[in-house]
Amino acid sequence: MYYKRPIAENIFYAGVNDRQKEFFENYLPLPEGVAYNSYLIVDEKTALIDTVDISFVDIYFAKIDAILKGRSVDYLIINHIEPDHAGSIGLLRQKYPNIQIVGNAKTFDMLNGYFGINTQLREVKEGDTLPLGKRTLTFYMAPMVHWPEVMISYENQDKILFSADAFGAFGTIDGDYSDACINTDKHWNEMRRYYACIVGKFGLPVQNALKKLAALDIKTICPAHGLVWQKELSKVVNLYDKWSRYEAEEEGVVIAYGSMYGHTQQLTEALAEGIVAGGVKNVVIHNVSKTDTSFILSDIFKYKALIIGSPTYMGSVYPLIEKLLSAIKHRGIKNRLYSCYGSFTWAGTAVKQLSAFAEAMNWELVGNPVENKQAVFAEKYQAAFELGQTMAEKLKSLRN
């Protein structure tokens, strides 16, 4: 009922996999599922770090029972009280009526609001410690990564960081919780997509948290979702640093387009050909009618350049392009090279609005946006090809 191999001596993974849920927060697709991670420290005192979604409480309690073998839980540390992590708290209090709940003042306000729990609380502040016996936990506040009450717990002996949603990822844990024991290839994209969709708006708070954590000697990171990071620690932290500074991982161009009757798509093909002919190999094309916005956002965080194409639709941009623009703006993504293109039949407004988006985001508008009326003829195909080349040249000029 649980992973028998401990993370460190008497520190156990007690999380669960959710392979049923189709949408995280009821709108983000979960093709690889999701894990709700909880951790149990068994010392002179026992401490449980976060819980799991209430849908899995029976499996969760069975894991705890198997680890503790009749012992009780002395402390519950709440790093993050969002329901996917805190959903089982009410039932946990019923199971262990003497449990003491450890959190900060903002956590306790929410704890009372969600569960009506306001007794047997131990409030902690920045730098406070909780001795468990051989081990001690130290607490660091990480507000707005990505809720205001978030805190991070650091275990001193084995230098383990329990990081709440920071460094987390979509995707189930398949076979083992540690990145040192499995092929991690599929997890990187789901980690970036998780960041882009859940944490991506909060770049400055993430930077503040990273600066705080830089003073700690960290050997293992235990997030609230996804793999436990042991082998790839430096890569994980470096990626968070890049993403929170809105710095691209790689040279490349994301093309996101909507097309009703194929004309905007024809321009898309010409753009892609121009980019590759210009010497840039990474071109990622998303049809917004087929690709969920979350995957597009992930690639926008990964690559330096973005080109958006849209037909004019009811005097504006295509509805699913409008959704993408809203998602980008909401996350405040910075430092991207940008261009746009589109088609219309009798009144063209989409390209004008897409061009204005560059100014709204304070992005550099590269080249001359391409606007096509009705069918796509050779002249416009060539203009789109040249726009792709221009974007490629701009990207190459940034190479070291």
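Mind listing whichever residues of segment 284-303 are touching a residue at least 60 places away in the same chain (Cβ under 8 Å) and among the acidic types (Asp, Glu)? Quick ask: steps written out before the conclusion?
Taking segment 284-303 as the starting set, the residues that turn out to be touching a residue at least 60 places away in the same chain (Cβ under 8 Å) are 292, 294-295, 297-298, 300-302.
Result: Asp292, single match.
Given the options Val276, Val280, Val253, name the one that is part of a strand (DSSP E or B) and more than 21 Å from Lys373 (Cβ to Cβ).
Criteria check complete, one pass: Val253.
Going by the conditions given, is Lys396 over 20 Å from Arg192 (Cα atoms) and in a helix (DSSP H, G or I)?
Values: over 20 Å from Arg192 (Cα atoms): yes; in a helix (DSSP H, G or I): yes.
Yes; evaluated as a whole, the condition is true for this residue.
Could you check segment 14-39 and list, in sequence order, the residues that are touching an Asp or Glu at 6+ places or on another chain (Cβ under 9 Å) and not in a loop (DSSP other than H, G, I, E, B)?
Val16, Asn17, Asp18, Phe24, Leu28, Pro29, Val34, Ala35, Tyr36, Tyr39
Within segment 3-17, can you find the residues that are of a type outside the set (Gly, Ala, Ser) and either surrounded by fewer than 19 Cβ atoms within 10 Å (Cβ to Cβ) or closer than 19 Å to Gly103 by Cβ (or both)? Break it down stepwise before answering.
Here is the first cut: in segment 3-17, the residues of a type outside the set (Gly, Ala, Ser) are 3-7, 9-13, 16-17.
Of everything in segment 3-17, those that are of a type outside the set (Gly, Ala, Ser) and either surrounded by fewer than 19 Cβ atoms within 10 Å (Cβ to Cβ) or closer than 19 Å to Gly103 by Cβ (or both) turn out to be Tyr3, Lys4, Arg5, Pro6, Glu9, Asn10, Asn17.
Would you point out the residue of segment 234-278, among those that are touching an Asp or Glu at 6+ places or on another chain (Cβ under 8 Å) and over 30 Å from Asp165 (Cα atoms), that is surrounded by the most Cβ atoms within 10 Å (Cβ to Cβ)?
Within segment 234-278, the match that is surrounded by the most Cβ atoms within 10 Å (Cβ to Cβ) is Gly274.
Any idea which residue in segment 342-400 is nearest to the chain's Cα centre (by Cα), counting only those that are farther than 15 Å from Ser316 by Cβ and among the β-branched types (Val, Ile, Thr)?
The qualifying residue nearest to the chain's Cα centre (by Cα) is Val366.
Of the residues that make up segment 53-73, is at least one assigned by TED's automatic domain parsing to the domain that holds Pro148, buried (at least 23 other Cβ atoms within 10 Å of the Cβ) and assigned to a strand (DSSP E or B)?
No, because not a single residue in segment 53-73 is assigned by TED's automatic domain parsing to the domain that holds Pro148, buried (at least 23 other Cβ atoms within 10 Å of the Cβ) and assigned to a strand (DSSP E or B).
Within segment 74-127, work out how many residues are part of a loop (DSSP other than H, G, I, E, B) and exposed (fewer than 15 other Cβ atoms within 10 Å of the Cβ). Before you say what the answer is, go through the steps one by one.
Keep residues of segment 74-127 that are part of a loop (DSSP other than H, G, I, E, B), which gives 74, 78-82, 87-88, 96-99, 104, 116-120, 124-127.
Of the ones still in play, those that are also exposed (fewer than 15 other Cβ atoms within 10 Å of the Cβ) are 97-98, 116, 118-120, 125-127.
Residues flagged as part of a loop (DSSP other than H, G, I, E, B) and exposed (fewer than 15 other Cβ atoms within 10 Å of the Cβ) within segment 74-127 amount to 9.
The values are calculated or read from the model by the stated rules, or taken from the named source; none is laboratory data. This is a predicted model, so every value here is computed, not measured. Quick reminder, even Gly has a Cβ in these numbers, built from the backbone with ideal geometry, and neighbours come from all protein chains shown.
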